[in-house]
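Okay, so here's the structure we're looking at.
The values are calculated or read from the model by the stated rules, or taken from the named source; none is laboratory data. Keep in mind the model is a prediction, meaning the values are calculated, not measured. Here Cβ is always computed from backbone atoms with ideal geometry, including for glycine, and neighbour counts include all displayed protein chains. We work out accessible area using only protein heavy atoms, side chains counted, and drop any ligands, DNA or RNA first. Shrake-Rupley method; radii C 1.70, N 1.55, O 1.52, S 1.80 Å.
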Amino acid sequence: MVKALIALASYNGKFYDDGANTGVFFVEASHPYEYFEKNGVDVTFVSETGKFGWDEHSISTDFLQGDDRKVYENPDFSFMKAVQTVKKASEVNPADYDIFFAAGGHGAAFDFPTATDLQKLYLVIWEKNGVVAGVCHGPCIFENARGSDGEYFLKGKKATGFTDEGEKIMKIDHIMTELKLKTPRQGIEACGGSYVQPPDAWGSFTVTDGKFITGVNPASAVETAEKALKALA
């Protein structure tokens, strides 16, 4: 059986101008989980500290509607049960897993670049020819990490992630600047990667570079998971 880790940000604090907390963006965890489960993949949730919290905007009625809202409001749904058990990264054996998938949300911009235990997990999975993926702000996990050769993991790789334009449209760019948080693009380019700009900020868009898969926004979460599973095959 194929086994996947879905990595969640541990940061769950104040962020938005309206005082709301950021954290994990709901559908960027639920959609990949649902896709993997439907395709027979065994999923384990993991975070740097073993804890996580939802981005409050991502679970607001303005954003979360329809079937996704039903999932969020029903504790008996498979995803809602599974996400109650989040392992601490240092307690997970990466040799047991085939896919590493980093979910997004602005919480990732806070703790993923320095989440060294999470980074160790995907570096091992990568070096044993597994698949490494991230969506939206999930690719912040790739910033700063170095492989066994001492080079940045991102060096020479093509990747995407939430756009700088998207930050501006959401009026979050000033917060990112004030808090000295790198956008996915800034993190990718700072570590020698090539950022691939999508045609627009909100449509589904992914980049495949061998077994390294990245997606740009919440709408790309399913496609990123789909491409990750395909890359493994």
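Of the candidates ASP111, ASP18, ASP173, which one comes out as most mobile in a Gaussian network treatment of the chain with C-alpha springs shorter than 10 Å? Answer for the Gaussian network model of the chain: ASP18.
Here each label is just a point 7 Å from Cα along the line to Cβ, and for LYS70 and LYS51 those points are 3.4 nm apart. Note on LYS88 and TYR16: their simple-model spin labels are 3.1 nm apart, each label 7 Å out from Cα toward Cβ. Take the residue pairs LYS87/LYS158; LYS120/LYS158; LYS14/LYS81; LYS70/LYS168; LYS38/LYS182; LYS81/LYS155 and return only those whose Cα atoms are more than 32 Å apart. Where the Cα-Cα span goes over 32 Å, the pairs concerned are LYS38/LYS182; LYS81/LYS155. Comparing ILE169, ILE188, ILE99 in a Gaussian network model of the chain (Cα springs below 10 Å), the most mobile by mean-square fluctuation is ILE169.
Average accessible surface for region 1-112: 43 Å² per residue, computed with a 1.4 Å probe over protein heavy atoms with every protein chain in place. From the alpha carbon centroid of region 163-178 to that of region 113-140 is 24 Å. A Förster radius of 30 Å, combined with the Cβ-Cβ distance separating THR116 from SER204, puts the computed FRET efficiency at roughly 0.45. Solvent-accessible area assigned to carbon and sulfur over region 100-233 amounts to 52 percent, based on a 1.4 Å probe. For the chain, the share of DSSP beta bridges that are antiparallel, to the nearest 5, is 20%. Please build a GNM for the chain, connecting alpha carbons under 10 Å apart, and tell me which residue among LYS182, LYS211, LYS128 fluctuates the most. Among LYS182, LYS211, LYS128, the largest mean-square fluctuation in the Gaussian network model of the chain belongs to LYS128. Distance from the Cα centroid of region 213-233 to that of region 1-35 is 15 Å (rounded to whole angstrom). Probing with 1.4 Å while keeping every protein chain in the model, the per residue accessible area of region 115-233 equals 43 Å². Taken as entire DSSP H runs, the helices of the chain never both span 24 Å or more between Cα atoms along their own long axis and average -0.5 or more on the Kyte-Doolittle scale.
Considering helices alone, the calculated mean residue ellipticity of the chain at 222 nm is -8500 deg cm²/dmol, with DSSP H runs of length four and up weighted by -39500 (n - 2.57) and normalised per residue.
Seen through its C-alpha gyration tensor, with square-root eigenvalues sorted a ≥ b ≥ c, the chain comes out rounded because a/c lies under 1.5.
A cut-off under 12 angstrom between Cβ atoms defines the neighbours of PHE77, and their net charge, with Lys, Arg +1 and Asp, Glu -1, is -3. For a test of the definition: using alpha carbon positions, the gyration tensor, and the 1.5 limit on a/c, classify region 1-111 as rounded, prolate or oblate. Verdict is oblate for region 1-111.
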